[in-house]
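The values are calculated or read from the model by the stated rules, or taken from the named source; none is laboratory data. Only a predicted model underlies this, so the values are computations on that prediction, with no experimental measurement involved. FYI the Cβ positions are ideal-geometry reconstructions off the backbone, even for glycines, and counts take in every protein chain you see.
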Amino acid sequence: MYFTRIISITMLFLLYSINLYADDLLDAGRATTIDVLIENAVRRKLIAGAVVSVGNHNGQLYITTLGNLYPDTASEHISELTKFDIASLTKVIATAPAIMKLLQQGRLNLLDPITRWFPEFEETDLDEITVLNLLTHTSGLNDIEISTDTPLQNLIEKVVTQKKAASPGNRFRYADINFILLGELVSRASGVSLDKFCADNIYTPMEMKYTGFLPTSINNLIAPTIERDNTLKSGVVQDMNARILGGVAGHSGVFSTSADLNRFASMILNQGKINGKEIYTERVIRQMTSPYFYSNGRVIRGLGWDINSPFSSPRGNYFSATSFGHTGYSGSSIWIDPEQDLYVILLTVRLDYRDIRQFNQLRSDISSLAVSVFSAPQIAADIIKTIKSP
């Protein structure tokens, strides 16, 4: 009966609600409509394959895995344990959580000036930047090209010569440099590298066995990403700055699986706990996901997390105003809604990086569909009411 209800609501949603390539979705004999969305994206060569996982504070409610690691249909099929380069999800699965762990441990403060951790910024035009500014992309810093010769030192030398365009904390400008600096801050504050800190304090306690930087030989295959020469390569971080920095960087570099990301999202929805083990206090989780308003209220961010901005396509149509998430250039995204007790994870082998609109529409459609089916009977009722109205 539950399965019938899901299919009924899903088909109503598809046919009468959001714009989902209607000509391709009228075949009710297909397994599920989320599958149809993914199959449609594969057929259009937007992706080679994907994993979609939906869950709540208790864990996974639904998963689908479709397509292959490579466009060649003879290649390995994607599975729940396929490891993906999650790109900028590193910011919210590694770096921001590491900063919040240090905050919980009393080792730093959000209002610490950057000069506390980077004396290189003393007596520069940027010495008013705080940890909070870096977490919310309101430092005013611009991304730079990193040299392969002593990359971190070269990066900091270039950053400190930037001229302040606006006072920190006023204007949102998404830039990887903020999280590259935060990754180095974790190392300076803790005395260990970012990858080791995350492994010891987050991934191991949470039993996220397949999550971390610098993937080595594992039991499951690694999904490839596209290189600059348009070839597909697996096991090496796609982002060139992260690669120059040795594969461990605050903005990109983490590889993970849907199974591990399920655990992370469930921990967030459980206010910092998983399997009875406290990873974060409730206060720290609330602090990390509370809204900060920037750019005259047009942009809302959490600490690392996106809430409402030009990058919020995985929010879809029906996640609540208190939901939050992030996207990754490689084709990953995660969106979490404490109000509706729901999360949606999307991991893809992305092939087309030019059609950003279509890819963002895929993210939005999957989230909208997931909420309508798993968390919002009122949406279904509204859909039925719309259908019955003249």
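Picking from residues in region 58-117 that are touching a helix residue (DSSP H, G or I) at 6+ places or on another chain (Cβ under 7 Å) and of a type in the set (Asp, Glu), the one that is nearest to residue 274 (Cα to Cα) is 80. Of all residues in region 265-276, those satisfying the criterion of being out of contact with any helix residue (DSSP H, G or I) (no Cβ under 6 Å at 6 or more places or on another chain) and modelled with pLDDT of 95 or more are 265, 266, 267, 268, 269, 270, 273. With respect to being among the acidic types (Asp, Glu), under 24 Å from residue 336 (Cβ atoms) and in contact (Cβ under 8 Å) with a residue 12 or more places away in the chain, residue 112 falls outside the description.
Whether a residue is over 27 Å from residue 310 (Cα atoms), surrounded by 16 or more Cβ atoms within 10 Å (Cβ to Cβ), out of contact with any strand residue (DSSP E or B) (no Cβ under 7 Å at 6 or more places or on another chain) and not charged (D, E, K, R) was assessed, and residue 135 does not pass this test. If I filter region 89-103 for residues that are at pLDDT 95 or above and over 23 Å from residue 327 (Cα atoms), do I get at least one hit? Taking every residue of region 89-103 in turn, at least one turns out to be at pLDDT 95 or above and over 23 Å from residue 327 (Cα atoms). Pairs linking a residue in region 59-82 that is over 24 Å from residue 207 (Cβ atoms) and in contact (Cβ under 8 Å) with a residue 12 or more places away in the chain to a residue that is crowded, with 16+ Cβ neighbours inside 10 Å and of a type in the set (Ser, Thr, Tyr), with Cβ atoms under 6 Å and 6 or more positions apart or on different chains, are 68/75; 69/75. Show the residue pairs meeting these rules: Cβ distance below 8 Å; 6+ apart or different chains; first residue within region 322-344 and more than 14 Å from residue 288 (Cα to Cα) and without any contact (Cβ under 8 Å) to a residue 60 or more places away in the chain; second residue small (Gly, Ala, Ser) and part of a strand (DSSP E or B). Pairs found: 335/325.
Taking the numbered list (1) at pLDDT 95 or above; (2) surrounded by fewer than 24 Cβ atoms within 10 Å (Cβ to Cβ) in turn, residue 343 passes all entries but (2). Filtered by the rule that a residue be polar (S, T, N, Q) and over 19 Å from the mean Cα position of the chain (by Cα), region 61-78 gives 68, 73, 75. Among residues of region 101-123 being surrounded by 16 or more Cβ atoms within 10 Å (Cβ to Cβ) and among the polar types (S, T, N, Q), the one that is nearest to the chain's Cα centre (by Cα) is 104. Restricting the first member to region 124-140 and to residues that are in a helix (DSSP H, G or I), and the second to residues that are modelled with pLDDT under 95, the beta-carbon pairs closer than 7 Å and six or more apart or on different chains are 133/168; 133/169. Looking across region 84-117, the residues that are within 16 Å of residue 304 (Cβ to Cβ) and of a type in the set (Gly, Ala, Ser) come down to 87, 88, 94, 96, 98.
In region 158-180, of all residues being in contact with a Gly (Cβ under 7 Å, 6 or more places away or on another chain) and under 18 Å from residue 240 (Cβ atoms), the one that is surrounded by the most Cβ atoms within 10 Å (Cβ to Cβ) corresponds to 180.
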